[in-house]
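Asker: Take a look at the following structure, please.
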Amino acid sequence: MASDFSAQATEILAIARDYRLAQTAVPDGWPTYIRTFEEAGVVHTKVRFRLPGEWHLNGRTSVIINNSTGELVISERSDESSATRRLVNQLYPLHSGYGMHFGYRLLILIAGIALAWLAFTGGSHYYTRWLHRRKRRWYHPD
């Protein structure tokens, strides 16, 4: 029991150390999540940051720390990426509806209901025409 506690405490301290290292690499970022994973027998810690002015809810900048060597691998900062990549990152909130006002959400709801209505009425129209053709062939074979 005591060894489990000490192992957990050691792991928590390692994650805290890695978080501090990542925060020094991206000082203006806000951490959105921290996770650990094992790759080829080596434990890594990944910290994802949301930079100021970034629309993506989770941020797109990541720092991966090798726990055994302390080596930092920083992904491309979202504020320094190409214009195309920044546009793709800004489209995500439109896709998820995050941060959009009530009017936008209402418009999307109405568009979704209209699409469902068009699918239903189109399907029912096709089905009634199919039934009508089938009955006509039944009574008047050619």
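Asker: Could you give me the residue pairs with C-beta distances under 6 Å whose first residue belongs to the stretch 7-22 and is outside the structural domain of residue 35 (by TED's automatic domain parsing), whose second residue is exposed (fewer than 12 other Cβ atoms within 10 Å of the Cβ) and among the small types (Gly, Ala, Ser) wherever it lies, and which are 6+ apart or on separate chains?
Answerer: So the pair list comes out empty.
Asker: Which residue out of 122, 70 is surrounded by 10 or more Cβ atoms within 10 Å (Cβ to Cβ), within 26 Å of residue 26 (Cα to Cα) and out of contact with any Phe, Trp or Tyr (no Cβ under 9 Å at 6 or more places or on another chain)? Walk me through how you get there before you give the answer.
Answerer: Numbers: 122 fails: within 26 Å of residue 26 (Cα to Cα).
Result of the check over 122, 70: 70.
Asker: Moving on to the next point. Got a number for residues in the stretch 1-25 being in contact with a Gly (Cβ under 9 Å, 6 or more places away or on another chain) and among the aliphatic types (A, V, I, L, M)?
Answerer: So the first thing to find is which residues in the stretch 1-25 are in contact with a Gly (Cβ under 9 Å, 6 or more places away or on another chain), and the list is 17-18, 21-23.
This time we only want the ones that are among the aliphatic types (A, V, I, L, M), so: 21-22.
Qualifying residue count for the region: 2.
Asker: Tell me which residues, restricted to the stretch 46-67, are under 14 Å from residue 32 (Cα atoms) and loosely packed, with under 15 Cβ neighbours inside 10 Å.
Answerer: 52, 57, 58
Asker: Cβ-Cβ below 9 Å, separation at least six or inter-chain, first residue in the stretch 104-125 and free of Cβ contacts under 8 Å to residues at least 40 places away in the same chain, second surrounded by 10 or more Cβ atoms within 10 Å (Cβ to Cβ) and not aromatic (Phe, Trp, Tyr): which pairs?
Answerer: 104/94; 104/97; 105/97; 108/97; 108/100
Asker: Now a separate question. Scan the stretch 37-54 and give yes if some residue there is closer than 22 Å to residue 15 by Cβ, charged (D, E, K, R), at pLDDT 85 or above and in contact with a Leu (Cβ under 8 Å, 6 or more places away or on another chain), otherwise no.
Answerer: Checked against the condition, which is being closer than 22 Å to residue 15 by Cβ, charged (D, E, K, R), at pLDDT 85 or above and in contact with a Leu (Cβ under 8 Å, 6 or more places away or on another chain), the stretch 37-54 yields at least one hit.
The values are calculated or read from the model by the stated rules, or taken from the named source; none is laboratory data. Here the structure is a predicted model, which is why all the values come from computation and not from measurement. Neighbour counts run over all protein chains shown; Cβ positions are idealised from the backbone, glycine included.
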